[in-house]
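Report on the structure given below.
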Amino acid sequence: MKTVDMHTHLLSSDVRFDRFYDKLALHFFAKKFGMNLKALLDDPYGEYTRALLASVRGSHYVKKIVLFGVDARVDEAGKVLHKDITVCATNEDVAALYRGNEDVIIPFFSINPKRPDALDLIDRYADAGFVGAKFLQNYWGVDTREERYRPYFDKLSQRGLPLIVHVGSESSVHSFKSCESIQMLNHPLEAGVQVICAHMALSYDALHPFKSLSKNPKYFNAEYYTLIDMLKGYPNLYADISALLTPVRAKVLRHLSTQNDIHHKLLFGTDFPVPFSTVFTSYDLPYAKRFELSREINPFDRYAKAILEYFPASNPLYTNYTKLLGEILSN
């Protein structure tokens with residue numbers, strides 16, 4: 001089985017691992033993600049991209065990755081208000097890494113719709129070879145329910161560009177909670193865009209950690225179930241399973257694996273380099289199996305092997321990417 005990872009992040013070329021969250025994650029996960037800790041501290045971007053490409057090329061299960069950065073938070077005039085030094089890779093960063101690595105990278109752009117020239121930028125990057133878009137509207141403070149953003153989605157639809165939208169909790173960057181809602185999907189869906197809801201719309205409540213980690217479906221957040229219903233009703237809606245091995249999301253894997261009537265709408269994705277553990281997480285695999293999975297060196301294969309415990313190789317989850325990227329991959 002070989003598939004496409006539909007959700008992979010390029011870090012900023014200016015990345016510095018200065019935040020407490022980053023430093024903690026590095027010490028625990030650098031080796032697990034095929035990175036040398038000293039090299040990562042000395043040359044963060046160089047070591048990150050080296051390890052990313054080596055891991056994809058060395059994977060038995062992932063043949064290509066959809067790669068994107070994240071645009072900055074801007075005001076109505078396009079002035080940058082905040083640019084996270086970790087996640088805000090530019091489209092130019094993506095394009096530069098894509099050149100020479102076309103065999104493993106599928107480039108998506110990230111354009112904040114508040115930019116006055118956003119529609120022109122969509123055309124520019126689409127003409128340059130980008131084949132889809134990534135939204136982190138919760139970081140941008142963009143409420144997609146506002147009518148002023150409709151032309152943006154109309155443009156994506158006209159250009160035939162799929163759109164990945166973050167829905168649910170966010171912990172890596174500051175997030176406007178009102179913009180994490182599943183209602184962020186409504187306008188692009190109505191415009192006819194092929195929309196990918198990231199992370200199965202899963203959220204967690206820090207005030208109720210036991211419920212947030214519970215495998216009991218009655219404690220799953222309501223928007224997870226709303227998404228399942230929407231996948232049945234909207235022919236242009238898909239959902240990816242990226243970051244589902246993180247502790248607060250892994251709990252749903254058994255339940256999701258039984259929802260056979262939406263498996264034709266699910267997409268494989270990892271959310272690389274978001275850290276995950278195959279041992280200390282909330283799914284229901286026996287501990288012997290967890291430790292067996294943890295011994296897999298390649299991070300893409302470690303993720304894939306865990307997902308294969310719930311979705312066998314024959315599941316359409318691994319081939320659904322062709323519905324959005326088939327023509328692109330055949331060229």
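The values are calculated or read from the model by the stated rules, or taken from the named source; none is laboratory data. Please read all numbers here as calculations on a predicted model, not as lab measurements. Note that we place each Cβ from the backbone using ideal geometry, even for glycine, and neighbour counts take in every protein chain shown.
Residues of region 226-244 being of a type in the set (V, I, T) and either outside any helix (DSSP H, G or I) or crowded, with 21+ Cβ neighbours inside 10 Å (or both), which ones?
Just the residues of region 226-244 that are of a type in the set (V, I, T), to begin with: 226, 228, 241.
Passing the criteria: only I241.
Considering only residues that are touching a Leu at 6+ places or on another chain (Cβ under 6 Å) and closer than 23 Å to F20 by Cβ, which ones fall in region 129-167?
Of everything in region 129-167, just one residue is touching a Leu at 6+ places or on another chain (Cβ under 6 Å) and closer than 23 Å to F20 by Cβ, namely H166.
Among the residues of region 247-264, what is the count of those that are crowded, with 20+ Cβ neighbours inside 10 Å and part of a loop (DSSP other than H, G, I, E, B)?
Here the count works out to 2.
Here are some residues: R16, R50. Which one is assigned to a helix (DSSP H, G or I) and basic (K, R)?
R50
For region 249-301, how many residues are in contact (Cβ under 8 Å) with a residue 60 or more places away in the chain and either within 25 Å of Y21 (Cβ to Cβ) or touching a Pro at 6+ places or on another chain (Cβ under 8 Å) (or both)?
Residues flagged as in contact (Cβ under 8 Å) with a residue 60 or more places away in the chain and either within 25 Å of Y21 (Cβ to Cβ) or touching a Pro at 6+ places or on another chain (Cβ under 8 Å) (or both) within region 249-301 amount to 13.
Going by the structure shown, is R145 touching a residue at least 40 places away in the same chain (Cβ under 8 Å), surrounded by fewer than 19 Cβ atoms within 10 Å (Cβ to Cβ) and out of contact with any Gly (no Cβ under 7 Å at 6 or more places or on another chain)? Steps first, please.
Working: touching a residue at least 40 places away in the same chain (Cβ under 8 Å): yes; surrounded by fewer than 19 Cβ atoms within 10 Å (Cβ to Cβ): yes; out of contact with any Gly (no Cβ under 7 Å at 6 or more places or on another chain): yes.
It is true that R145 is touching a residue at least 40 places away in the same chain (Cβ under 8 Å), surrounded by fewer than 19 Cβ atoms within 10 Å (Cβ to Cβ) and out of contact with any Gly (no Cβ under 7 Å at 6 or more places or on another chain).
For region 194-223, how many residues meet the condition of being in contact with a helix residue (DSSP H, G or I) (Cβ under 6 Å, 6 or more places away or on another chain), among the aromatic types (F, W, Y) and either loosely packed, with under 14 Cβ neighbours inside 10 Å or in contact (Cβ under 8 Å) with a residue 40 or more places away in the chain (or both)?
1
Among helices (runs of 4 or more DSSP H) lying entirely in region 265-330, which contain 3 or more residues that are out of contact with any Ser or Thr (no Cβ under 9 Å at 6 or more places or on another chain)?
Ranges flagged: 322-330.
Quick grid of which residues meet (1) at pLDDT 95 or above; (2) more than 26 Å from T8 (Cα to Cα):
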| site | (1), (2) |
| --- | --- |
| G192 | yes, no |
| M200 | yes, no |
| H208 | no, yes |
| S212 | no, no |
| N216 | no, yes |
| N221 | no, no |
| Y224 | yes, no |
| L227 | yes, no |
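I'm checking my understanding of the structure. Among residues of region 78-103 that are among the β-branched types (V, I, T) and assigned to a loop (DSSP other than H, G, I, E, B), which one is surrounded by the fewest Cβ atoms within 10 Å (Cβ to Cβ)?
The selected residue is I85.
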